[in-house]
Amino acid sequence: MSDTIEKVKCLIIGSGPAGYTAAIYAARANMFPVLYQGTQPGGQLTTTNDVENFPGYPQGITGPAMMVELQQQAERFGTDVRDGWVTKVDFSGETHKVWVNETTEIHCDTIIISTGASAKYLGLPSEQKYLQLGGGVSACAVCDGFFYRNQEVVIVGAGDSACEEAHYLSKLCKKVTMLVRRDEFRASQIMQTRVKNTQNIEILYNTDTEEVLGDGQVVTGVRVKNNVTGKEQEIPATGFFVAIGHKPNTDVFKDYLKRDAVGYILNEPGTTRTNVPGVFVSGDAADHVYRQAVTAAGTGCMAALDAERYLAAHDASFQVNTATNY
Ligand code: NDP
């Protein structure tokens, strides 16, 4: 444990669009925010290629470039952006305590949680084996697709992410086989149409993944089963991509914050307030419905404004920065 305890007015946990937007607003409101980036600085958008639906970028922008710009914007107003992972919290008393990397202890007047969500996996032993080996299992086509140029790959999932990733892979790979467990997609019509119209994407409906096949080092194929006919087949592939949704990164808060069955933090409707006064939530950590960069940024802004109002009501020494126009 740490010898010294740091005190901060506003601690922001997470570095996606929600965290950085909260930081921009908090810094401009004299809250001197400290932002911990977590294990994936920039968050999920750093695993996305083109972002074409964020207002203000008529030509689109890559996810990583957008996150660099957001970080620079947060730092321009004085946000203290740090490396570090929150490993423990204690929200039982009046002072909210947070530990970073097991050692650094921070006492916070306000906390904005923007920890986002992480990719889910099927959980098959063979999938986990080749994932751990770095031998051909991935949950991020944009990160890893490059390694499978001119090869055959399989992707599982039927939502917008799976369609987006399958389409991305189709531009790099010889063939993409898409495994859809029901007889229809979950994805939006436009995304479905895109994959259905792509020549080198084959879609297998009613199909479950039975096993990721390999030679002990790398993936060589996928054994699948039609869940209507019971027929099994082996699909040759060097890469197996998983695009079946995400899990919110909120376990560290589970003893103190109310969450839903999946783990999304519950907020008071219309606000970013959690059940603990002074602790606010923004972005995908609380949003299982919209999950967009722009909605995450919007709730990041809300969280900073809610935190500022909380400080104004609870801390007589806190001066709202009236010179700042939001
Ligand atoms: P979703 O939850 O929307 O979809 C998950 C998909 O994975 C579903 O089709 C589901 O099947 C399938 N799935 C889940 N578990 C398994 C399993 N064990 N085996 C096989 N298939 C499985 O997640 P997404 O990540 O696709 O999207 C999340 C949100 O982000 C959505 O709101 C989406 O619209 C949005 N998004 C928007 C994009 C854009 O607009 N550019 C891009 C990407 C995401 P089933 O349908 O049978 O349940």
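Tabulated values for the structure
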quantity: Candidate set from the range 128-140 (those that are free of Cβ contacts under 8 Å to residues at least 40 places away in the same chain and not hydrophobic (A, V, I, L, M, F, W, C)); member that is surrounded by the fewest Cβ atoms within 10 Å (Cβ to Cβ); calculated: 132
quantity: Some residue of the range 102-109 being in contact with a helix residue (DSSP H, G or I) (Cβ under 8 Å, 6 or more places away or on another chain) and either in contact (Cβ under 8 Å) with a residue 24 or more places away in the chain or closer than 18 Å to residue 296 by Cα (or both); calculated: yes
quantity: Enumeration of residues in the range 95-127 that are more than 21 Å from residue 259 (Cα to Cα), away from the ligand (no atom under 16 Å from the Cβ) and either of a type in the set (Val, Ile, Thr) or open to solvent by 60 Å² or more (accessible area, probe 1.4 Å) (or both); calculated: 95, 100, 101, 102, 103, 104, 106
quantity: All positions within the range 183-198 that are over 23 Å from the mean Cα position of the chain (by Cα) and basic (Lys, Arg); calculated: 194, 196
quantity: Contacts under 8 angstrom Cβ, first residue in the range 156-172 being within 11 Å of the ligand (Cβ to nearest atom), partner open to solvent by 50 Å² or more (accessible area, probe 1.4 Å) and part of a helix (DSSP H, G or I), 6 or more apart; calculated: 163/194; 167/194
quantity: Boolean, residue 106 is among the aliphatic types (A, V, I, L, M), over 22 Å from the mean Cα position of the chain (by Cα) and modelled with pLDDT of 95 or more; calculated: yes
quantity: Those residues of the range 1-39 which are in contact (Cβ under 8 Å) with a residue 60 or more places away in the chain and under 23 Å from residue 119 (Cα atoms), in sequence order; calculated: 12, 13, 14, 15, 16, 17, 18, 19, 20, 21, 36, 38
quantity: Failed condition for residue 144, given (1) under 26 Å from residue 62 (Cβ atoms); (2) part of a loop (DSSP other than H, G, I, E, B); (3) more than 15 Å from the ligand (Cβ to nearest atom); (4) out of contact with any Lys or Arg (no Cβ under 6 Å at 6 or more places or on another chain); calculated: (2)
quantity: The range 23-63, residues that are closer than 20 Å to residue 110 by Cβ and either out of contact with any Ser or Thr (no Cβ under 6 Å at 6 or more places or on another chain) or surrounded by fewer than 24 Cβ atoms within 10 Å (Cβ to Cβ) (or both); calculated: 24, 25, 26, 28, 29, 30, 31, 32, 34, 36, 37, 38
quantity: Yes/no for residue 205 being on the phi < 0 side of the Ramachandran plot and either more than 16 Å from the ligand (Cβ to nearest atom) or free of Cβ contacts under 8 Å to residues at least 40 places away in the same chain (or both); calculated: yes
quantity: Number of the exception - residue 53 against (1) modelled with pLDDT of 90 or more; (2) within 16 Å of the ligand (Cβ to nearest atom); (3) part of a loop (DSSP other than H, G, I, E, B); calculated: (1)
quantity: Some residue of the range 178-190 being farther than 20 Å from residue 126 by Cα, in contact (Cβ under 8 Å) with a residue 12 or more places away in the chain and in a strand (DSSP E or B); calculated: no
quantity: Residue in the range 179-195 that is over 13 Å from residue 245 (Cα atoms) and away from the ligand (no atom under 14 Å from the Cβ) present; calculated: no
quantity: Odd one out for residue 154 among (1) open to solvent by less than 20 Å² (accessible area, probe 1.4 Å); (2) modelled with pLDDT under 95; calculated: (2)
quantity: Test: residue in the range 59-77 that is over 21 Å from residue 246 (Cα atoms), in a loop (DSSP other than H, G, I, E, B) and of a type outside the set (Phe, Trp, Tyr); calculated: yes
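The values are calculated or read from the model by the stated rules, or taken from the named source; none is laboratory data. Predicted model only: the values in this text are computed from it and were never measured. We place every Cβ from the backbone using ideal geometry, glycine too, and count neighbours over all the protein chains shown. Quick note on the areas: whole protein, heavy atoms, side chains included, nothing else; ligands and nucleic acids left out. Shrake-Rupley method; radii C 1.70, N 1.55, O 1.52, S 1.80 Å.
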